[in-house]
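The structure appears below as structure tokens.
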Amino acid sequence: MILVSACLLGHKVKYNGGSNDDSLLQAYNVQGRFVAVCPECFAMLPVPRAPMEIQYGTGRKLIEGRARAVDADGHDLTASLLLGAQKILRIAEAYHAEVAILKDGSPSCGVHRIYDGTFSGRKIRGAGAATELLRQHGLTVYSESDMTEDRLRQLIEEDIRRDSIRD
């Protein structure tokens, strides 16, 4: 199975109650190879909720205890972000997932870039907490912008092949 950010599949779990619909991923979702995940929802954060960013670093530093996650109201949500990342890792392990396609920019799911922690709209190079944890455990993580139809087809074919070997 391939983990996919639930918001990309049309689930209204984004901080503002919306989604980040991705038509390519939604079209391929019918093949039944995706597991929709949202680390922030799995950490029991409400929808909608105040936007959240990682301060003083990226997901890696957050996991190492050298950064923190706060929402726009100043509430420290570090423990929630870490809990959500741990839950996503457990789901990946349960499904023997080796690949994830996550929403870039998110403090949980960011793959290439996340917001800089100042709530100014600026992004920095780095990954979110869930992405970082998945990578540390051997998963390959893509963002939605990395996906082409050919790449997605290839990932699904590889996933099917791995399942047939496991069975």
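The values are calculated or read from the model by the stated rules, or taken from the named source; none is laboratory data. Just so we're clear, the structure is a prediction, and the values are computed from it rather than from any experiment. Using ideal geometry, Cβ is built from the backbone for each residue, glycine included, and neighbour counts are taken over all protein chains shown. Each accessible area value is taken on the protein alone, full model and side chains, heavy atoms only, with ligands, DNA and RNA left out. Shrake-Rupley method; radii C 1.70, N 1.55, O 1.52, S 1.80 Å.
General remarks:
- Applying the criteria of a DSSP loop state and at most 13 other Cβ atoms within 10 Å to the trypsin sites (Lys or Arg not before Pro) of region 95-167 yields ARG122.
- The string of couplings for region 3-8 from the Karplus curve (6.51, -1.76, 1.60, θ = phi - 60°) is 6, 9, 3, 4, 5, 6 Hz, one whole number per residue in order, with x for Gly and Pro.
- Per residue, in Å², the accessible surface of the chain once ligands and nucleic acids are set aside, probe 1.4 Å: 49
- Derived scalar couplings ³J(HN,Hα) [region 96-106; Karplus, 6.51 cos²θ - 1.76 cosθ + 1.60; whole Hz; x for Gly, Pro]: 6, 6, 10, 9, 9, 10, 10, 7, 5, x, 6
- Around PRO48: net Lys/Arg minus Asp/Glu count, Cβ-Cβ under 10 Å: +3
- The aspartates and glutamates within cross-link reach of LYS123, meaning a Cα-to-Cα straight distance under 12 Å and a gap of 8 or more places when in the same chain, are GLU53, ASP104.
- Share of Cα-Cα pairs in region 1-48 lying beyond 13 Å, as whole percent: 53
- Among the cysteines of the chain, those with no neighbouring cysteine Cβ under 4.7 Å are CYS7, CYS109.
- Mean projection area, nm², convex hull over Cα of the chain: 8.9
- Rounded percent of accessible protein surface that carbon and sulfur make up, region 39-90, 1.4 Å probe: 55
- By the rule of a C-alpha distance below 25 Å, with chain neighbours fewer than 8 residues away ignored, the lysines paired with LYS87 are LYS12, LYS14, LYS61, LYS103.
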